[in-house]
């Protein structure tokens, strides 16, 4: 079983605009991780950029997903990927809930 690091504390205080964006994201997803479905309190919410800012992604809500810390680590490590058919999350070697294997 792979072990993951503890959730780190933020290095700097987020801007008020970013805090509002995370609140909007939290409300849009009713406080649930979009990968595993776990309910999160607001300070556990981890916004994830589907398209990284380094690749031209933005902070727009359409490019953000709400994740728990552990799912965020799994996605960033490549263990969990986004399905190219439905856009849902799945483990790399498994079929997606939609039935597609990419």
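We did not get these values from a lab; they are worked out from the coordinates using the rules stated. Since the structure is predicted, the reported quantities are computational estimates derived from the model, not experimental observations. Heads up, the Cβs are rebuilt from the backbone with ideal geometry, glycines too, and the neighbour counts pull from every protein chain shown.
Miscellaneous remarks
- Over every Cα atom in the chain, the radius of gyration and the widest Cα-Cα span, Dmax, amount to 13.9, 41 Å.
- Counting beta carbons within 10 Å around each of 72, 32 and listing the fewest first gives the order 32, 72.
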